[in-house]
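Input: a single structure, listed below in structure tokens.
The values are calculated or read from the model by the stated rules, or taken from the named source; none is laboratory data. Being a predicted model, the structure only gives us computed values, none of them experimental. We place every Cβ from the backbone using ideal geometry, glycine too, and count neighbours over all the protein chains shown. Note: accessible area is taken over every heavy atom of the protein model, side chains too, but ligands, DNA and RNA are not part of it. Shrake-Rupley method; radii C 1.70, N 1.55, O 1.52, S 1.80 Å.
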Amino acid sequence: MADRRLGVGFIGSGFNARFHLQAFQAVRDADVRGVWSPTKQHAEETAALARHLDLGQTNAYRSIAEMVADPEIDALWLCGRNDARIENMEEITDAVVRGKGELKGIACEKPLARNLAEAQRVAELVTQAGIAHGYLENQAFTPAVTHGRAIIWSRGAALTGRPYLARAAEEHSGPHMPWFWQGQLQGGGVLNDMMCHSALVVRHLLTKPGAPLSTVRPVQVTGHIASLKWTRPEYAKRLQQQMGKEVDYATRPSEDFASVMIEFETDDGATVLGEATTSWSFVGAGLRLSAELLGPEYSMSWNTLDSPLKLFFSREVKGKAGEDLVEKQNAEIGLMPVVASEPAAYGYEAEDRHFARVFLGCEQPELTFDDGVEVVKLLMAAYMSAEQGKTLEFPPAGLEQFVPAVARGTWRP
């Protein structure tokens, strides 16, 4: 048992941070004490939401350094924009190194950074400051993945041999905010935004529970990217109308579909495969997360839209557009699946509970910034493979200096 509660501060106040706030309702050992956002009003609104959810006496702070200096703040959840990651980390670690405050830990949302050089800098900063760290990858903590993986390995793999193929996908109709659609700010398109989930999940599924991810090593990567929907003239125009003039897919597109095949070599000498796809061009009820794990005499499958709760609304029910049934909801009428507790189903509750306990000294971290760096290596290798149109040995030469064409604004689908 923890001898005290963890005081958590949030950097960022957007959609992702609000998912975490909902998840913290299920975390017994922590209170949300602070929020900082580059927009003061957003910080105040998010702090008010935390108080409304009874997460603690949550304050909005004028700066990150001010939040670090508050003795009520023990750990930070880094949920800000990708293009601000280095700046945010430098302000945090500078305050700690100069003795302005103390932190028990920092948890960082995916991806760790926009490219490998930035990811290595993030890891370097947290190490220099001597702060414990955790990489927030909610899909590895989903109840379906956690329980399915445990049972597959304890029953199927133990009796008939290790699994040899894992698949994972995350698909929806596109992000909420304009910066996600801008390659130079986000670091790419859907591959950088969401393949960080799927690439880690396939490796996680193929790794024996209790063993480190390093026992399943990438040896080859084949990546492919495409713009299937949002560069079509009518959709590029619609996207700009929705997101503003800075989002111009007619001249500066990002990929809205990506796939990667990863060949792994295991410590016991096996060759196993991970197959992942991500999409901003999926049209269905809403966000769809899915995974499969296959072995000699067994398989598992998971799909978040296979919900036990479904509602039907006739065309006479003309409600306004919303996301009250499922994240990235695409319709308000017809037969609709409902994900009744999204923070739990998507893994946010379990990961926030885990990292709160990690920073209180009760558990060892399942994922750290080092794992986040390894994910970024895979993402950059996939981009490099897609640009060269061939399978690459992993890690390919030049990865530390590589910046995807999508992020440089020079990609042409």
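Structural remarks
- Looking across the range 300-323, the residues that are surrounded by 10 or more Cβ atoms within 10 Å (Cβ to Cβ) and either touching a residue at least 40 places away in the same chain (Cβ under 8 Å) or part of a loop (DSSP other than H, G, I, E, B) (or both) come down to Met300, Trp302, Thr304, Leu305, Asp306, Ser307, Val317, Glu323.
- Among the residues here, Lys245 does not qualify as crowded, with 16+ Cβ neighbours inside 10 Å and basic (Lys, Arg).
- As a summary of the residue check, Phe19 satisfies the conditions (1) more than 23 Å from the chain's Cα centre (by Cα); (2) within 18 Å of Gly80 (Cβ to Cβ); (3) open to solvent by less than 60 Å² (accessible area, probe 1.4 Å); (4) of a type outside the set (Gly, Ala, Ser) except for the one numbered (1).
- Subset tally (residues that are surrounded by fewer than 17 Cβ atoms within 10 Å (Cβ to Cβ), assigned to a helix (DSSP H, G or I) and of a type outside the set (Val, Ile, Thr)) for the range 84-116: 4
- Selection count, the range 43-65, where residues are in contact (Cβ under 8 Å) with a residue 12 or more places away in the chain, open to solvent by 40 Å² or more (accessible area, probe 1.4 Å) and either of a type in the set (Val, Ile, Thr) or in a helix (DSSP H, G or I) (or both): 3
- Residue check: Ala140 meets all listed conditions (1) over 16 Å from the mean Cα position of the chain (by Cα); (2) part of a helix (DSSP H, G or I) but one, namely (1).
- Of the residues making up the range 146-161, those that are farther than 27 Å from Leu287 by Cα and either open to solvent by less than 50 Å² (accessible area, probe 1.4 Å) or of a type in the set (S, T, N, Q) (or both) are Trp153, Ser154, Gly156, Ala157, Thr160, Gly161.
- Counting the residues of the range 71-83 that are touching a residue at least 40 places away in the same chain (Cβ under 8 Å), in a loop (DSSP other than H, G, I, E, B) and not aliphatic (A, V, I, L, M) gives 5.
- Entirely in the range 155-249, the helices (runs of 4 or more DSSP H) that have 3 or more residues that are touching a residue at least 24 places away in the same chain (Cβ under 8 Å) and of a type in the set (Val, Ile, Thr): 190-206
- Complete set of residues in the range 252-299 that are over 30 Å from Trp181 (Cβ atoms), of a type in the set (Gly, Ala, Ser) and not in a strand (DSSP E or B): Gly269, Ala270
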